[in-house]
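The values are calculated or read from the model by the stated rules, or taken from the named source; none is laboratory data. Predicted, not measured: the structure shown is a model, and the values here were computed from it. Cβ placement follows ideal geometry from the backbone for every residue including glycine, while neighbour counts extend to all protein chains displayed. We work out accessible area using only protein heavy atoms, side chains counted, and drop any ligands, DNA or RNA first. Shrake-Rupley method; radii C 1.70, N 1.55, O 1.52, S 1.80 Å.
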Amino acid sequence: MSEPGSRAQAAAQPTPETEATEATEATEEREPSDEADGADSADAESVAADQSTAAARTTGAAAVVAALESAGVEHVFGVQGGAIMPVYDALYDSDIAHVTMAHEQGAAHAADAYGQVTGRPGVCFATSGPGATNLVTGIADADMDSDPVVALTGQVPTDFVGNDAFQETDTVGVTRPITKANYFADDVDAVGDLVAEAFALAGEGRPGPTLVDLPKDVTTAETEAREAEPPEGTPTPSADAEAVEAAAAALARAEKPLILSGGGVTKGEASEELRRFATAFEIPVVTTMPGIGTFPEDHELSLSWAGMHGTGYANMAISHTDCLLAVGTRFDDRLTGGIETFAPDAEVVHVDIDPAEISKNVHADYPLVGDAGTVLDQLYDALSDGPAEAARAGDRWDAWREQCATWKEEYPLTYDAPDDEPLKPQFVVEALDAITPDDAIVTTGVGQHQMWAAQFWTYTEPRTYVSSHGLGTMGYGLPAAIGAKLAAPDREVVCFDGDGSFLMTMQELSVAVRENLDVTVIVLNNEAIGMVRQWQDAFFDGRRMASEYAWMPDFAKLAEAFGARGFTLTEYDDVADTLEAAVAYDGPSVVDAYIDPAENVYPMVPSGGANDQFALSEDHL
Amino acid sequence: MRGPAPEERPRPKGRRSSQGIRVDPHAEATHEPRRTAISALVYHEPGVLAKVSGLVSRRQFNIESLTVGSTTNPETARITLVIEEPEPGVRQVEKQLLKLQPVISVRELGSDAVRRELVVLKVHGDEPDKVNAITQMYDGRTLDAGPRTITVEITGDEQKIDDAIDAYRQFGIRELARTGQTALARGDEWTTDAEEERYERMQRTQNQTDVDPDQSYQ
Ligand SMILES: Cc1ncc(C[n+]2csc(CCOP(=O)(O)OP(=O)(O)O)c2C)c(N)n1
């Protein structure tokens, strides 16, 4: 089997009979329209060179920047370098604000969080080779969480590609499995459109990261300046009407209906539709971790979030429901536990914009492919009139709701009541929640602190828990806080980090200081990579191989060295004052909170186990 | 009030299969792997084969063969994948393929599809008459005959190729090269939707300009 020839080769063959496909039509449109006129005149060149004429020349790099401008981009995150320099040079003349990050991984995470908070793609830049490979973790992270990100990477000139040139990496090859789409931009006349396409695609349908690799000769080459076309709006597809009727009937038949709201509800801006639907029919709601905030956790129908470290009541409800309305979730194994035991009694109605998610992990009895909000409204209408109305909510679901309420009482999220010391991390999370507004944005690293931040903070708005879910990337928290703050400068942004996670990307503090970003980092410092230690204690006979740090830097001093404000927190009595001072400080601050190193995350569903077999303590494992 | 410990909690009755399908006690749904061919029409652009093969390997689909070749439209290519997967796996292959940017349309071919593969094999030339007889039996062709080796080609469905190879073993097969399957839907049926749409579009254009559609379609 051989690789088909390139499109360029195919196009070079004379094929007059071939109709113009979209691709060739687009190419034809790009043909300079007034070339002929210019060719007649000896002054043609000087005319073309004149900036004021309509046929002004520009560079590939300027076309890239123009495409970002017309897509409405306001901030980009990146690091300079040889191959990307022409693009940076073009940025010099642009109103787009560039944030120089300390590391390209930080640029990708910042762009990701920016995308999560605004709902519009975040953009990151990197040079070829090491710049591009440093982006990889962040791109993979965005891919797993369907976050809209556009990555633009420099590349060696096309003549050098494939020759192991200085700082050459096959970026398109490396990122192929972790992007929604990626492109090698080898045509200067098309590069602006390609960037516009990458931008539109990143945010469209099921969002995800896209990448455009920009060879240096393409960005320096001349092309005709054109008005870049704004990307088309995303259509909001609705589900098949008959399928909706069938799904509604299944819900109406159910004795114990449950809604599972995933990250797709956030991405689809469907939180309002979800709230209307759930409250109208009084169906309890469980979210996934990426779905946190799509339904207010202080609402009585909320059972908070389910999964490995989700609440006991959410997991009990999932295990006992007989009709699960799952919206915008891919049924990750951290949510489902063992697939054989997941929601074993339930008929599953699965709403997702990506048909490939339907029956990928959990079989959908009622697949509804479409936009989350649109389909929820369709279901709402289907249940609100006709025969389904008779069966809706009413008192038939009272017993089920009571059962859920009982589980809430039986398996509350708790921790040992504070006494003198050591400090409990959960207390710190609750204390900070108490002094920040409801719309404050929380970002996290990955580990135990991430779970406590999800468990003990009460989220009521979508896009307020910004975390690394699918990939679980330590070091996500701080660069994400930077991206989030730039996306929402008027909102409080706090980052809960682990000591291990913080060490992975703490150099980005320099960026927060330089940009004077008012973010508050709480390092829940247990002098260990705690989540690993918890597993070692539970499943490896307490053999704590490489999970405890023999020595830790002084994070407060470190923050000061970066030019941020540093605090150390060890006493219960100081919690409120210290957190208030850190939040009040107008600029980046770091609170090094020495927490009880013995504290572990519970409930816990052992991996591959049944959701309702969660352990509430070591005793249950 | 603290709820019961894990082992004391009431367990729901139902269960799911390893494929996430709720197992109804009355009608257990199990899916045995089956062998099937999937045809994908793709844009003929660099990297498309890497994208398709990468997807297949990354998601651990059980692939038997993959062939690529041109179509009537120079801008597109057809990829034929033979896979062995249970029903949900087959559906996933289709849906994941469709998510790839250069993939235009995808269709699982029915069992009646016209399938062909080709083998070129080289046997010892000691008994040319007998080799020739086998070649005739399998409607093959002799491509090269020398004092020491005879090279033949056979085309046919998978079973026929397997049988032919078996038959040649008696002479001692020195080398063989076998292509994967390539296939089209049988009769009036279109292999993929996109080709049907394009063909109809072209027919309309051709009728307008009064050119014989069949000629210009080649
Ligand atoms: C980049 C990366 N490396 C390794 C891991 C594996 N891992 C998961 S949680 C964890 C411990 C995290 O430690 P820390 O950031 O201190 O948080 P804690 O669990 O102590 O709250 C590790 C090492 C990971 N998720 N990401």
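For this structure, a couple of remarks:
- Residues whose placed amide H lies under 5 Å from that of A:T223, excluding near-sequence neighbours: A:T58, A:T59, A:G60
- Gain upon complete extension [B:Q60, B:D129; 0.36 nm per residue less C-alpha separation]: 20.2 nm
- Here the sum of -39500 (n - 2.57) over DSSP H runs of 4 or more residues, divided by the residues of chain A, equals -11000 deg cm²/dmol at 222 nm, to the nearest 500.
- Computed packing ranks the peptides A:170-176, A:503-509 as A:503-509, A:170-176, most packed first, by mean other Cβ atoms within 10 Å.
- Dipole magnitude of the range A:87-202 about its Cα centre (Cβ charges: Lys, Arg +1; Asp, Glu -1), debye to nearest 20: 360
- Candidate lysines for bridging to B:K130, where Cα separation is under 25 Å - those fewer than 8 sequence places away on the same chain excluded: B:K122, B:K160
- The protection proxy used here, the mean number of other Cβ atoms lying within 10 Å of each residue, ranks peptides B:49-58, A:89-98 as follows, highest first: B:49-58, A:89-98.
- Förster radius 22 Å - calculated FRET efficiency between A:E74 and B:L98, Cβ distance, rounded to 0.05: 0.05
- Nearby lysines by direct alpha-carbon distance to A:K485 (threshold 24 angstrom, same-chain neighbours under 8 apart not counted): A:K267, A:K557
- Largest first, the extents of the alpha carbon coordinates of the range B:78-218 on the three principal axes equal 60, 45, 25 Å.
- Summed buried accessible surface, chains B and A, 1.4 Å probe, nearest 100 Å²: 4400
- Here the Debye sum runs over all C-alpha atoms of the range B:34-91 as equal scatterers in vacuum, and log10 of I(q)/I(0) at q = 0.14, 0.30 Å⁻¹ comes out as -0.38, -1.26.
- Relative contact order (percent, whole number), the range A:408-472, Cα cutoff 8 Å, 6+ residue spacing: 34
- Cross-link reach is defined here as a Cα-Cα straight distance under 20 Å, omitting same-chain residues fewer than 8 places apart; for B:K95 the lysines meeting it are A:K180, A:K360, B:K51.
- Peptide A:312-318 - average C-beta neighbours from other chains (10 Å radius): 1
- Charge-dipole axis of the protein assembly as shown as Lys and Arg at +1 and Asp and Glu at -1 on Cβ define it, positive-most pick from B:L100, A:H350, B:G172: B:G172
- Note that the range A:595-603 has calculated 3J(HN,Hα) couplings of 9, 4, x, 8, 6, 10, 8, 9, x Hz, one per residue in order, obtained from phi through the Karplus relation 6.51 cos²θ - 1.76 cosθ + 1.60 (θ = phi - 60°); glycine and proline are x.
- Normalised by 2.2 N^0.38 Å, where N is the number of residues, the C-alpha radius of gyration of the range A:414-499 stands at 1.08.
- The charge dipole of the protein assembly as shown, taken about its Cα centre with unit charges on the Cβ of Lys, Arg, Asp and Glu (plus for the first two, minus for the last two), comes to roughly 2680 debye.
- Here the range B:1-131 is assigned +1 on the Cβ of each Lys and Arg and -1 on the Cβ of each Asp and Glu. Its dipole about the Cα centre then comes out at about 820 debye.
- Shielding by partners for peptide A:343-355, expressed as the average number of C-beta atoms from other protein chains within 10 Å of each residue's C-beta, is 3.
- Under 15 Å, Cβ to Cβ, from B:G172 - net charge with Lys/Arg +1 and Asp/Glu -1: +1
- Mean per-residue shielding of peptide A:176-183 is 3, counting Cβ atoms of other chains within 10 Å of each Cβ.
- Rounded, prolate or oblate (a/c below 1.5 giving rounded, otherwise prolate when a/b exceeds b/c) for the range A:571-621 by Cα gyration tensor: prolate
- The range A:64-176 - Debye-derived log10 I(q)/I(0), Cα point model, q = 0.13, 0.16, 0.17 Å⁻¹: -0.45, -0.68, -0.76
- Here is the P(r) of the range A:216-348: all C-alpha pair distances, binned every 5 Å from 0, give 2, 10, 17, 20, 17, 10, 5, 3, 4, 4, 4, 4, 1, 0 in whole percents.
- Part-to-part distance (alpha-carbon centres) for the range B:38-110 and the range A:493-530, which is given in Å: 44
- Chain A shape via C-alpha gyration tensor axes, a/c threshold 1.5: oblate
- Distance between the range A:150-183 and the range B:180-204 - C-alpha centres, whole angstrom: 35
- In order through the range A:482-497: 3J(HN,Hα) via Karplus (6.51 cos²θ - 1.76 cosθ + 1.60), integer Hz, x for Gly, Pro: 5, x, 5, 5, 5, 6, 9, x, 8, 9, 5, 10, 10, 10, 8, 10
- Ordering of A:437-447, A:577-587 by packing [mean C-beta count within 10 Å, highest first]: A:437-447, A:577-587
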